[in-house]
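Step one of this worksheet: look at the structure below.
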Protein chains: 2
Amino acid sequence: MPAKRPPIPLTRERIIEAALHIADGQGLRRLTMRRLGDALQVEAMAIYHHLPRGKDALMDALAEHVTAVHAEPAGSWQETARAWCRASRAALREHPGVLALALTKPPKGRAAAAVREQIEQLAEAGVPDAPAAVRALRAYVLGAVAVEVQQSGWAEPPGGDGEAEPWLPPSRGGGSAEADADFERGLDALLAGLAGA
Amino acid sequence: MPAKRPPIPLTRERIIEAALHIADGQGLRRLTMRRLGDALQVEAMAIYHHLPRGKDALMDALAEHVTAVHAEPAGSWQETARAWCRASRAALREHPGVLALALTKPPKGRAAAAVREQIEQLAEAGVPDAPAAVRALRAYVLGAVAVEVQQSGWAEPPGGDGEAEPWLPPSRGGGSAEADADFERGLDALLAGLAGA
DNA sequence: ACCTGAACACCGTTCAAGT
DNA sequence: ACCTGAACACCGTTCAAGT
């Protein structure tokens, strides 16, 4: 009989990683402290040692993880804004399971810091009302990703009756290349609008 | 001892109304079949008679309720689109407790029908790629309301430590008049962009 | 047809106890 | 310091039973 493997130590990072995997794979409603414990080969109660506020802390951490992005200032403020928006979209699309949290919870911790940094960068680059600009950019990204993920049918139960109700005709191929183009086109329009304010 | 009141009959409408009241007042996580039963003066199990798929059906119904809006065609397609967007924003803002569902669940039933109707109206008014236009308008409204509700601090637990972290400076007065102006301004820009495509 | 009561499997969280 | 086991209050849902 082989000896029991020495258990990998539990960390905040490993917990969050496993939680994202469950949420993305089975949906947020099935992300459970006990299931999370199973995935980590640990009793559920062990998680409380690393996330003292329990499931609320976990939800906050997940929202933060998917929302705390970073981008460097680029040539023009438009390029800077574009970099932020692309990074945000990528991070949100990577984890559709926790999108509801990102859309709903006000930024905290590193996520709030990221928003403040973005405002600073745009203000420094001469954008007149930088907070309003960042609000508009955030709204654009959140809305675009929400619609993308809705249309992808991610939220539908996997055991559906064959085909989902086509509530919107797919962009063209339904692929993400078309979605990328849509996103960039809308972003250009928004940046033009912000410049002409 | 006064006689027991004849109980008001349970209906789908009353159930949804009570569920919205709980979700808006205490948050979606506290919306529970048993609590919902209490609010309706009924055992939780009675709800299943009106919503056979149980809590999933309830969630679907809530998303539909807050998402199935209607608007009549107006003078120009821009005015038509504006009417749809204003109606959608109003409906979503009225029930912040179920906003996560509206942002996340693909439209079904009357909500999907509303989207199709909106596409038809714009197509009939001569908008070239009406489905793409409606996608963009939907994204705009969803994102705008998401940011508004985040900024309102609605999701914060009521028993906070005095003041929430100011992750974004308030628009100016923090009031909804400023938010209304922001919304209309962004909408104008988007409509201009859609026209110039 | 509509609602109840009891039951079942599961959930979040606490706390004393182990190592 | 880190994890476990047992316990508690609560949850969604089924089903037979009442009216």
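The values are calculated or read from the model by the stated rules, or taken from the named source; none is laboratory data. Computed from a predicted model, the values in this text were never measured in an experiment. Glycine gets a Cβ as well: all are built from the backbone with ideal geometry, and neighbour counts include every protein chain shown.
Observations, loosely collected:
- Flag if B:LYS55 is at the interface with chain A (Cβ under 10 Å from one of its Cβ atoms), within 13 Å of DNA strand D (Cβ to nearest atom) and surrounded by fewer than 19 Cβ atoms within 10 Å (Cβ to Cβ): yes
- Candidates B:GLU72, B:GLU79, B:GLU43 - the one that is of a type outside the set (Val, Ile, Thr), under 24 Å from A:ALA144 (Cα atoms) and modelled with pLDDT of 95 or more: B:GLU79
- Selection count where residues are within 12 Å of A:GLU165 (Cα to Cα) and crowded, with 20+ Cβ neighbours inside 10 Å, scope the stretch B:111-128: 1
- In the stretch B:7-50, residue farthest from DNA strand D (Cβ to nearest atom) [restricted to those that are surrounded by 19 or more Cβ atoms within 10 Å (Cβ to Cβ) and part of a loop (DSSP other than H, G, I, E, B)]: B:LEU40
- Within the set B:ALA112, B:ALA155, the sole residue that is modelled with pLDDT under 95 and either in contact with a Lys or Arg (Cβ under 8 Å, 6 or more places away or on another chain) or facing another protein chain (nearest Cβ under 8 Å) (or both) turns out to be B:ALA155.
- The set of residues in the stretch A:31-67 being more than 9 Å from DNA strand C (Cβ to nearest atom) and of a type in the set (Asp, Glu) consists of A:ASP60, A:GLU64.
- Qualifying residue in the stretch B:116-136 (condition: in a helix (DSSP H, G or I), touching a Gly at 6+ places or on another chain (Cβ under 8 Å) and at the interface with chain A (Cβ under 7 Å from one of its Cβ atoms)): yes
- In the stretch A:66-110, the residues that are surrounded by fewer than 21 Cβ atoms within 10 Å (Cβ to Cβ), among the small types (Gly, Ala, Ser) and part of a helix (DSSP H, G or I): A:ALA83, A:ALA87, A:ALA90, A:ALA91
- Residue list for the stretch A:83-142, restricted to those being touching a helix residue (DSSP H, G or I) at 6+ places or on another chain (Cβ under 7 Å), of a type in the set (D, E, K, R) and in contact (Cβ under 8 Å) with a residue 60 or more places away in the chain: A:ARG89
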